[in-house]
Amino acid sequence: MQREIHSWFSPRLQKNMEIVAYGHYGFALLMFPTAAADYLEYERFQLIDTLKPFIDAGKIKVYSINSINNESWLNNSMMPHHKALRHQTYNYYVFDEVVPFIFNHCKSRVPIVTTGASLGALHSANIFFRRPDLFAGTVPMSGVYDLKSYSKGHFDENVYFNSPEDYIPHIQDNNYLNQMRGKKIILASGSGDFEDPNASYRLSKILWSKGVPNDLEIWGPEYRHDWPTWRKMLPHIIGSKLI
């Protein structure tokens with residue numbers, strides 16, 4: 001399996017940011033880490049190993065990036081307003097730097113599907129919903145899609161526009177909604193310990209209310225909020241619904 005690590009100084013974030021690429025061909029799968037983890041988290045927890053058959057076959061090319069959650073919602077020493085601003089800046093890092101890097105690395109405008117688990121699920125879903133013109137779909141796993149769950153009571157414009165449960169119900173622009181329709185939106189969750197399948201149910205219902213088709217995968221109570229669940233969930237979804 002081809003593996004490359006790249007990095008650059010991000011103008012948006014004003015810091016060095018790494019990205020790891022796995023594979024040589026296929027649509028791009030852009031992975032967002034859980035919690036405060038880094039770009040190698042999915043490799044350390046063997047999730048990349050479960051995707052190896054697809055990677056080696058040239059079906060997918062996987063990209064994993066750093067989080068900055070410890071500089072925003074997970075940093076209790078920051079003022080909530082600054083957390084929200086930092087979150088917004090991270091979005092623009094993805095839109096303006098990561099996406100062009102992927103296109104350049106693949107030497108074409110390949111389809112990009114976002115994915116992530118836990119807090120990475122919120123990022124992967126929100127990034128897609130914010131810019132469906134840039135992405136071909138999203139596969140968030142075990143996520144909560146109300147950013148207020150992390151903002152500890154703080155609510156401003158930057159929280160609102162990064163909280164899918166808040167802003168999607170109010171989207172009226174049919175062109176914007178049409179960019180979501182026809183894309184691959186697969187909301188997945190287990191029902192075991194520390195999972196919140198109702199969060200996925202709510203988001204699915206909101207999307208259908210706006211005429212945006214989506215697949216909802218709620219797995220049983222034996223699937224808890226942990227790596228064994230995601231190591232089974234993601235390859236199953238890729239193999240059955242994305243390839």
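A simple count of charges around ILE186, restricted to other residues whose Cβ falls under 11 Å of its Cβ and scoring Lys, Arg +1 and Asp, Glu -1, yields +1. Can you give me the long-range amide H partners of THR34? Hydrogens built in the peptide plane at 1.01 Å from N, cutoff under 5 Å, separation of 5 or more residues or another chain. Excluding prolines and chain starts, which carry no amide H, the hits are ALA117, GLY120. Across segment 1-135, the mean sequence separation of Cα contacts (distance under 8 Å, 6 or more residues apart), normalised by length, yields a relative contact order of 29 percent. Panel note: the C-alpha atoms of segment 12-121, placed on their principal axes, show extents of 47, 28, 21 Å (largest first).
Note on ASN178 and SER149: the extension gain reaches 7.6 nm, defined as 0.36 nm multiplied by sequence separation minus the Cα-Cα distance. Annotation for segment 22-36 versus segment 164-180: alpha-carbon center distance of 25 Å.
What you get for the chain, charging only the Cβ of Lys and Arg (+1) and of Asp and Glu (-1), is a dipole of about 520 debye around the Cα centre. For segment 84-91, the Karplus equation 6.51 cos²θ - 1.76 cosθ + 1.60, evaluated at θ = phi - 60°, returns couplings of 5, 5, 5, 4, 4, 4, 4, 4 Hz by residue, with Gly and Pro reported as x. Note on segment 1-110: antiparallel DSSP beta bridges, both residues inside, total approximately 70 percent of the bridges counted. In percent, rounded to a whole number, the relative contact order of the chain is 16, using alpha-carbon pairs under 8 Å and six or more apart.
Shape annotation for the chain: C-alpha extents along the principal axes are 45, 41, 38 Å, from largest to smallest. Cross-link list LYS152/LYS241; LYS52/LYS83; LYS152/LYS205: which exceed 27 angstrom alpha carbon to alpha carbon? The answer is LYS152/LYS241; LYS52/LYS83.
From its DSSP helices (H runs of at least four residues, each -39,500 (n - 2.57)), the chain gives a residue-normalised ellipticity at 222 nm of -10000 deg cm²/dmol. Between HIS82, HIS123, HIS170, the GNM of the chain built on Cα springs shorter than 10 angstrom shows HIS170 fluctuating the most. Find out how many positive minus negative residues lie around THR34, taking Lys and Arg as positive, Asp and Glu as negative, among other residues whose Cβ is under 15 Å from that of THR34. For residues surrounding THR34, the net value is -3.
We did not get these values from a lab; they are worked out from the coordinates using the rules stated. From a predicted model like this one, the values you see are computed outputs, not experimental measurements. Every residue, glycine among them, receives a Cβ derived from its backbone with ideal geometry; neighbour counts consider all protein chains shown.
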